[in-house]
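Notes to accompany the following structure.
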Amino acid sequence: MIQSCTGNPEPSKETFRVAVIRYQHETCTFCPGGDTEISDWTKNRDFLTGEEVLVAGSYVKGFVQSSKQFGDIELVGINSPDHVFGGSSRSWNSRESFEHFMHIIIEDLEAKMPVQGVYLALHGALAVRDVPRPEAEIAKRVRQVVGDQVPIVGSFDLHGNEDEMFLKWANAAFVNKRYPHYDAFIQGGRSANYLYQAMKGVYVSTTATRKPPVLTATVLQWTGQSPSMNIMERARRWEAYKKETYVSVFYGFPWSDVPDNRCHCSCNYQ
């Protein structure tokens with residue numbers, strides 16, 4: 001994913017309202033037990049309310065903390081699904097469950113418009129019956145509400161199965177570079193920094209995505225040893241070489257039988 005700056009207008013003095021949405025699941029489509037239904041998502045609660053979303057998970061916490069430094073951002077939590085009972089050991093999400101939670105998200109987003117930016121805390125390995133690219137579909141439906149001029153950014157687990165379709169509807173994506181994922185908080189913060197520049201009009205993203213035909217088992221994706229360590233180090237060097245360049249690598253989640261299940265290398269630059 002490549003993001004580039006095309007202008008540097010004077011910063012405005014308005015307050016930017018930013019919608020924060022969370023929808024995360026690492027889906028093992030090969031796991032037994034039947035599809036993941038609404039009842040599996042609502043075992044703890046019906047959904048996370050807006051205020052609960054703003055303290056839910058490392059991505060969001062990193063995003064919130066970085067947003068506070070600017071002083072002119074108002075974060076608007078959007079009702080979002082809670083954790084799935086059983087986590088990534090649960091199989092395909094049913095179309096019914098996906099539509100149920102998208103209705104909750106979109107209805108709340110519409111009620112809280114206008115917003116000047118959107119942050120999506122996602123995973124990348126969500127698998128839904130009859131929805132080939134769920135995260136891209138989430139971005140698409142959000143885009144249909146907020147319009148073409150509102151920047152959208154997402155954060156992801158490196159075990160994601162994303163391709164360029166997400167960036168058809170969103171402006172940028174930030175992916176963990178560590179497995180275990182102890183940099184999730186950092187990626188949330190980077191998403192906030194990018195989104196702020198985009199809302200100011202000083203960062204207009206240009207993106208590029210490449211899909212090497214490689215898929216590895218998760219036990220080989222630990223970033224503490226090669227080849228994963230070298231791949232992520234190369235991404236960091238690219239980022240250091242040119243200011244405001246962001247390079248992300250999706251390894252893929254091999255336990256999801258979905259169309260995009262490959263290794264994806266992507267860059268963002270300004």
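Throughout, read-outs are computed from the coordinates displayed, never taken from laboratory work. Nothing here was measured: the structure is a model prediction, and the numbers come from that model. Virtual Cβ from ideal backbone geometry, glycine too; neighbours counted across all protein chains shown.
Take the alpha carbon atoms of the range 43-165, find their radius of gyration, then divide it by 2.2 N^0.38 Å using N residues; give the quotient.
1.05
Once phi is turned into θ = phi - 60°, what whole-Hz ³J(HN,Hα) does the Karplus curve with 6.51, -1.76 and 1.60 give for every residue of the range 110-127, x standing for Gly and Pro?
Computed from phi, the couplings for the range 110-127 are 4, 5, 9, 5, x, 10, 9, x, 9, 10, 10, 8, 10, 10, x, 10, 5, 10 Hz.
Which FRET efficiency value, to the nearest 0.05, is calculated for residue 49 and residue 130 with the Förster distance at 25 angstrom and r the Cβ-Cβ distance?
It comes to 0.30.
Using +1 on the beta carbon of Lys and Arg, -1 on that of Asp and Glu, and nothing else charged, what's the dipole of the chain about the Cα centre, debye to 20?
980
Rank by packing, highest mean first: peptides 161-172, 100-111, 217-228, with packing defined as the count of other Cβ atoms within 10 Å averaged across residues.
So the peptides 161-172, 100-111, 217-228, ranked by packing, come out 161-172, 100-111, 217-228.
Between residue 149 and residue 35, what is the label-point separation in nm under the 7 Å Cα-to-beta-carbon projection?
If labels sit at residue 35 and residue 149, their model points lie 4.0 nm apart.
Per Stokes-Einstein, at 4 °C and 1.567 mPa s, what whole-number D in µm² s⁻¹ belongs to the chain, with the Kirkwood radius over Cα pairs as the hydrodynamic radius?
70
Would you grab the residues whose amide H sits under 5 Å from the one on residue 36? Only those 5+ places off in sequence or on another chain, please, with H modelled 1.01 Å from N.
Those qualifying (amide H under 5 Å, at least 5 residues apart or on another chain) are 91, 92, 93, 94.
Counting Lys +1, Arg +1, Asp -1, Glu -1, what net charge surrounds residue 30 among other residues with beta carbon under 14 Å of its beta carbon?
Here the count lands on -2.
Within the set 43/211; 112/168; 177/211; 43/68; 61/112; 112/200, which residue pairs have Cα atoms separated by over 27 Å?
43/211; 43/68
Which FRET efficiency, nearest 0.05, do residue 68 and residue 225 yield, Cβ-Cβ r, R0 35 Å?
Once the sixth-power term is evaluated, E becomes 0.45.
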